[in-house]
Amino acid sequence: MSNRLTKITTKGGDKGLTSLATGERVSKDHTRIHALGDVDELNSCIGMIKAELIETDLMFRLLEEVQHQLFEFGAELATATSRGKIAAFTEMLEEAIVTLNEPLPPLKEFILPGGSRTSACCHLARAVCRRAERSLVALIVSQDKQEESTATKNQGETDQAPEVGLQIYLNRLSDLLFIVARTIARSDTEKETQWGVGAETDLYGNLD
């Protein structure tokens, strides 16, 4: 395999521009770069969860597969082309959601992020995943506006865009990360902290 990265520091981005995989130079504030960065941050957060798990665990292997999928989508975002894998990946998430959620007790209140360190990492990843999804929506909206202004939009073109499929994928992934957080919290502490349950209503009056 040839080297993918031969030089890390290139100084090419010192003026606030960066290159997409197509070679196009865009501002680092471009909506596509925001989306790429958020997906990268999400992948890093999932890596933090994995660092707390045993490599042979089913949860570890599931999250590692998700990391590989996010790299696939990063390539799609960088090239603005679809590799046709997103539907199958989304279906995998949906199956995992059903399987992991089935043994959990029904939710009666909102759950406070926290629990064990691993569970807290899951909640952080879930929040970053939601942000990545918002970035995808912003990218999709900006593309729609650009296509409308230039009158080059073809019928059905948006439905085939990788950004649309990835936005749906991230919606499912945030659900999965929430369920993983619940599963790990109950495994580690046998309890979850519910919002408003057992809270002191005069807490701020007793700080002295």
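Values quoted throughout were computed directly from the atomic coordinates according to the rules given, and no laboratory measurement underlies them. Values in this document were obtained by computation on a predicted structure and should not be read as measured data. Positions of Cβ are generated from backbone atoms using ideal geometry, with glycine treated the same way; all protein chains shown enter the neighbour counts.
Can you give the FRET efficiency for Phe110 and Glu72, using 1/(1 + (r/R0)^6), R0 = 45 Å, r = Cβ-Cβ distance, to the nearest 0.05?
Values: r = 33 Å, r/R0 = 0.73.
It comes to 0.85.
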- Extension gain from Glu65 to Lys85, taking 0.36 nm per residue of separation minus the Cα-Cα distance: 5.9 nm
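Compute the length gained on full extension between Met48 and Ala138: take 0.36 nm times their separation in residues and subtract their Cα-Cα distance, giving the result in nm to one decimal. Write down the numbers at each step before the final one.
Working: separation 90, 0.36 × 90 = 32.40 nm, distance 2.69 nm.
Gain on extension, Met48 to Ala138, equals 29.7 nm.
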- Given H placed 1.01 Å from N in the peptide plane, which residues other than close sequence neighbours of Ile111 have an amide H under 5 Å from its amide H? Trp195
